[in-house]
Amino acid sequence: MTEPAARARTSERLLDAAEELLLQYDYDTVSVRGICTRAHANPAAVHYHFGSKEQLVAALLETRLAPVWAENLDRIHRQPLSVPALVDAIWAPMDRLLADPVGALRLSLLSRFVLNYPHVQWQSTWFDLTVWVRALQRACPDLDDTTARYRCRFAFSTLLAQVGPGHPLPPAATAELRAFLVAGLAGGPAAP
């Protein structure tokens, strides 16, 4: 096996081990040493491959969840969407994930992690707030960067707080949350 292939295999084992542990235990109780032990890797492997536990978890969330939004992101890049369509592009995959036990656990981990570690460095487009800020500005051309960024940050924080428990929301709650997000992003009453 070549060195790059061995490195990629070790990285994947670390991601798998981290996911197994983080889906069972609280983030703060899962140690780097525990992840390395579960992955049958050198105790320094997490730092070598990812730099820190936080960056390992960010990579885990990106590899497992970014593909879920890939089609919606492509659509957002191809054409400007209305604010309700932007909310739906974010919400529809979350709704599907909440219906799946592993997906719900991943969303719960995403919620806890993003809300507790807001300054982590993401690599995936979907996790970059700037993409959503630009999409919101295309939908609402009068928004300046600062206002659009605040609105996107508040919308994602609200959404993540609601999906964080990892349980599907009742239809009435989903409709109210959607209306709230649309109104908050648009800065006015929710569109149908």
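General remarks:
- Residue selection: Arg106 satisfies the criterion of being in contact (Cβ under 8 Å) with a residue 60 or more places away in the chain and either surrounded by 18 or more Cβ atoms within 10 Å (Cβ to Cβ) or touching a Pro at 6+ places or on another chain (Cβ under 7 Å) (or both).
- Number of the condition not met by Asp28 [criteria: (1) in a helix (DSSP H, G or I); (2) surrounded by 14 or more Cβ atoms within 10 Å (Cβ to Cβ)]: (2)
Residues are listed down the side, and each one gets a yes or a no for (1) of a type outside the set (Phe, Trp, Tyr); (2) surrounded by 13 or more Cβ atoms within 10 Å (Cβ to Cβ); (3) closer than 30 Å to Cys140 by Cα:
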{"site": "Gly34", "(1), (2), (3)": "yes, yes, no"}
{"site": "Ala44", "(1), (2), (3)": "yes, no, no"}
{"site": "Ala59", "(1), (2), (3)": "yes, yes, no"}
{"site": "Thr63", "(1), (2), (3)": "yes, yes, no"}
{"site": "Trp126", "(1), (2), (3)": "no, yes, yes"}
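- Selection within region 129-156: residues that are touching a Cys at 6+ places or on another chain (Cβ under 6 Å) and free of Cβ contacts under 8 Å to residues at least 40 places away in the same chain. The member of this set that is nearest to Pro118 (Cα to Cα) is Leu129.
- Options Val114, Val102; residue that is in contact with a Ser or Thr (Cβ under 9 Å, 6 or more places away or on another chain), at pLDDT below 90, within 20 Å of Leu56 (Cα to Cα) and among the β-branched types (Val, Ile, Thr): Val114
- Among residues of region 48-70 that are part of a helix (DSSP H, G or I), those with a Cβ under 7 angstrom from a residue that is of a type in the set (Ser, Thr, Tyr) and crowded, with 20+ Cβ neighbours inside 10 Å, sequence gap 6+ or separate chain, pair up as His49/Ser11.
The values are calculated or read from the model by the stated rules, or taken from the named source; none is laboratory data. Values in this document were obtained by computation on a predicted structure and should not be read as measured data. All Cβ positions, glycine included, derive from the backbone under ideal geometry; neighbour counts span all protein chains shown.
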